Amino acid sequence: MTGRRLPAGARISSLTGLSLRSLRARPLRSVLNGAAIALGVGMVFGVLLLTGTIHDTFGRLYDALYGNTDVVVSGEHSAGSLPEATIDTVRAVPGVAAASGNVYSVFRTVAPDGSVERAQTAQVYMVGIDYAQPDMTTSEQVAGRDPREGRGEVELASEWAGDHGIGVGDRIRMSTPAGIATLTVSGLYELAGGLDLGGYGTGSMPVGDARRAMDKPDVWDEIDVIADDGAAPEALLGRIDAALGRGVQVATPETKSDEAQKQIGSLDIVLYFFSGIALFVGAFLILNSFNMTVFQRMREIGTLRALGAGAWRVARTIVVEALLLAVAGSVAGLALGAGLAVLLVQAMQSFGLPVSGLHFSWGAAVAAVLTGLLATLAGAAWPAVRAARTPPIVALVRSSGAGRRSVLGARRAAIGLALFVPGAILGGLFWFGTDSQSAFAGIGAIVATMVLFLGMVRLAPFLVIPLVKLMSRPLCAAMPAEGRLAADAAQSNPARTAATAATLLVALSVVVVNATIASSFVGSVKSELDQRFARDLTVQPLGFQDYGPPQAGIARGLRAEIAALPEAGAVARRRSLFLPDMPAGGVDGIVVGYEPREYDRVDRMDYRGAPREQVLRGLEAGGVVPAETYAGAHGLAVGDRVRLEGPSGVRTAPVVGIADTFDGGGQAVQMSLGTMAAVYGVRNDSQLIVKAASPDRRAALERRVDALLAREHPGLEALSNADVKQSATDAINQQFGFFNAIVAIAVLVGALGIVNTLTMSVLERTREIGVLRALGASRWRVRRTLAHESLLIAMAGTLAGILAGLVVAVIWVLGMRATTYPGMTLHLPVAPLVTIAVLGVVLGVLAAIVPARRAARLDPLAALRYE
């Protein structure tokens, strides 16, 4: 049968019409596939909008802060403080027209009852500046005047002030590092372009007043420079750099902005990965769905082939059908993603990150749609090829139940293991086994994890099918009729059952891995705190964390006030500084400072490599003690020397011991307060560690310290050891909880896969259901049969996901222990695992609602006549 070749336009029209008819013939399947695409595209679009919003916020913020600045002088990555004399050196450099030094800290508003709110909206990032110098920013004063020295005046961002009902001339009480201060609002300003920081406040005050409020009498946190007319900023930068020497960063505003964007880049990789999971699961759902569609349409495909349709024309029909779904799903996904992005931005704001309102990008929309199209085509490609390769005669005689082949072959197991094992090992290495923060490491982590997922999918039948058989036994014992029908249906097509459960397996395995790693971090931290803490109280700023945005700090005089209390036995100071470029390592970490003898009275730090007394003397003499994790990663041993470079000085310090601590995630270097001040200029305490004079005075000490803080320092809090552990637990769980919230989209896609499979199963078993109804089976029995089948598939996928997730988590935790986190121990998250198991039951029940109702409503006579 040759016939005439149709014109190209007619062929395309015929192709599209056939695809549209196929979509209309199976509306529920089309809706479910479209929903999976929409969720995947929405997840990608939402994450792209979030990352774009974060980058746009910081880019605009740096443009506003340094709009009139040519050169910025600070510590590396703005860490630490500069000596007061630095500004004189800078002003003496030829080509400098003006140099303005500033100091900064975080203030909090004090309510009329004397309390201080923890919310981000109660915080104000306050900068002390020299108003005699030119304005280095591009902010615009919109009301009032500049604050004057010695009058306790401040200038506030107009948007934040408006949100709090504050105007020019109002007096506000604020908690500062030095205590409560009553400040008068002299003016309001607006950041360039009306930049909104998501409720986070900013303000400025004269530098003299700021030094007293922040307890920074003799340092600069940053110096901003304007070049003379005709002086090239690049040449001026070189001259200032030569005058100040090593340890000080002299950079352009563009460089400072690029540094901030680079730090955010590591978050981008993680967010892209978790959004990719939803897209991966969606693509796999589409693959499974189109595979089932091809099998159910075998006679239709055979008829088309027999009537002269070419093999690739049949394939194109399926591809066009997928593209039509992809376009509709992508449009819906864009709307979903926009709403999701708003929620993600609000979540980031709640974490304390100053993020502005949503920044829309057409590039993000195009990228999300293209990603959805590619994922959909990837899912439909193999079914299309399979349809094209099927000979016409075979297609005409093959039943829709074809494809019920064994999926437990040795070849499949070998391929699955060949993907799973290297993916698990390399994924753990890239995510947690290296200190590298390069784009290569991030891409490697994503690729390795996707290979791991492919291995999981290949190995899914070896977990799912035995689990279905195992769980069908109690089900059949409890409900012989419905249980047997459900078990037979789930096992009649093992390939389809395993593929459906695999969508849940992949999504839930990520949740299990997250929960296990979070539990292991929490358990390791708690174990160390139990072993090391001999303290009774920890005094720190509200919301304190070693990593993160600038902290308020503690005035140096508070230690003496607490030590003077009759119930206090010892008070030790602890100072910490986050460094994106650690000494000898060049990675993110913290420098921790304390007085060795003082700290030894309140806590017990375990040292290795040298006797305890020798380590304490070495610290007092200017030595350093790296954490075991850090030392192992960078090959440091007792006797080695480490070069310390900071904005206040440079020195070479000997390694006098190794600390057995998980502090800072194991990425910490300890030193004395004197060394820390001499190199990094840090003179304000981050925490005060308090021990009672005797155990029976502990309760009285806590009451006295709480009263002192409430009266004079409401921006600080006194935590018991249990509170400290809970605070650490909350911080870790909050981070992993945010990622799990993103993975929830993938779990929902997995549930859609079960609905899709059961719906197709109802269509495939129409005559069987008709026979059951004709023999007297009630609608409720039919519903229960479908519900039990759904439950079997969901529980098999859930339990398989738990097992697979635990295997990966154990590999990763043991790898972390052997490489970057020697102090980490495995802790199983029992409660989350139980919750995930219950979630599997709930998903199984919910997924059965639509197909069960559809099956129960089939007319018995019509079902018996169904072909």
Residue match in segment 165-178 (condition: in contact with a Lys or Arg (Cβ under 8 Å, 6 or more places away or on another chain) and open to solvent by less than 20 Å² (accessible area, probe 1.4 Å)): yes
Residue check, residue 546 against (1) open to solvent by 20 Å² or more (accessible area, probe 1.4 Å); (2) part of a helix (DSSP H, G or I), all met but one. Which one? (2)
Any residue in segment 689-699 that is charged (D, E, K, R), modelled with pLDDT under 95 and under 26 Å from residue 113 (Cβ atoms)? no
For segment 249-263, the count of residues that are modelled with pLDDT under 90 and in contact with a Pro (Cβ under 7 Å, 6 or more places away or on another chain) equals 1
Kindly establish whether residue 687 is touching a helix residue (DSSP H, G or I) at 6+ places or on another chain (Cβ under 6 Å) and open to solvent by 10 Å² or more (accessible area, probe 1.4 Å). no
Note on segment 48-74: residues closer than 26 Å to residue 684 by Cβ, at pLDDT below 90 and crowded, with 22+ Cβ neighbours inside 10 Å are 65
Does segment 33-47 include one or more residues that are open to solvent by 10 Å² or more (accessible area, probe 1.4 Å) and either without any contact (Cβ under 8 Å) to a residue 24 or more places away in the chain or over 30 Å from residue 288 (Cβ atoms) (or both)? no
Those residues of segment 711-734 which are touching a residue at least 24 places away in the same chain (Cβ under 8 Å) and polar (S, T, N, Q) amount to 720, 721, 729, 733, 734
Tally the residues that are over 21 Å from residue 271 (Cβ atoms) and among the β-branched types (Val, Ile, Thr), restricting the search to segment 323-380. 3
Among the residues of segment 1-32, which ones are hydroxyl-bearing (Ser, Thr, Tyr), surrounded by 13 or more Cβ atoms within 10 Å (Cβ to Cβ) and at pLDDT below 70? 14, 16, 19, 22
Considering every residue within segment 143-154, establish whether at least one is open to solvent by less than 50 Å² (accessible area, probe 1.4 Å) and either under 19 Å from residue 356 (Cβ atoms) or modelled with pLDDT under 90 (or both). no
The helices (runs of 4 or more DSSP H) lying entirely within segment 770-867 that contain at least 1 residues which are at positive phi, surrounded by 19 or more Cβ atoms within 10 Å (Cβ to Cβ) and in contact (Cβ under 8 Å) with a residue 40 or more places away in the chain are none
Filter segment 331-352 down to the residues that are open to solvent by less than 50 Å² (accessible area, probe 1.4 Å) and within 30 Å of residue 108 (Cα to Cα) and list them by number. 341, 344, 345, 347, 348, 349, 352
Looking at residue 617, is it within 27 Å of residue 556 (Cα to Cα) and either at pLDDT below 90 or open to solvent by 10 Å² or more (accessible area, probe 1.4 Å) (or both)? yes
Kindly provide the set of residues from segment 179-195 that are in contact with a Ser or Thr (Cβ under 8 Å, 6 or more places away or on another chain), surrounded by fewer than 18 Cβ atoms within 10 Å (Cβ to Cβ) and either part of a loop (DSSP other than H, G, I, E, B) or not acidic (Asp, Glu) (or both), ordered by number. 192
Residue selected from segment 110-129 under the condition crowded, with 19+ Cβ neighbours inside 10 Å and over 29 Å from the mean Cα position of the chain (by Cα), by the criterion nearest to residue 59 (Cα to Cα): 127
Applying the selection to segment 141-160, what residues are in a strand (DSSP E or B), within 22 Å of residue 195 (Cα to Cα) and of a type outside the set (S, T, N, Q)? 142, 143, 144, 154, 155, 156, 157
Condition first: more than 42 Å from the chain's Cα centre (by Cα) and either among the aliphatic types (A, V, I, L, M) or open to solvent by less than 10 Å² (accessible area, probe 1.4 Å) (or both). Now tell me which residues in segment 79-100 satisfy that. 92, 93, 96, 97
Which of the following residues is at pLDDT 85 or above and touching an Asp or Glu at 6+ places or on another chain (Cβ under 8 Å): 515, 460, 486, 534? 534
Does residue 424 fit the bill of being modelled with pLDDT of 85 or more and either out of contact with any Leu (no Cβ under 9 Å at 6 or more places or on another chain) or under 30 Å from residue 328 (Cα atoms) (or both)? no
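The values are calculated or read from the model by the stated rules, or taken from the named source; none is laboratory data. Quick caveat: nothing in here was measured; it's all calculated off a predicted structure. Reconstructed Cβ throughout: ideal geometry from the backbone, glycine too, with neighbour counts over all protein chains shown. Each accessible area value is taken on the protein alone, full model and side chains, heavy atoms only, with ligands, DNA and RNA left out. Shrake-Rupley method; radii C 1.70, N 1.55, O 1.52, S 1.80 Å.
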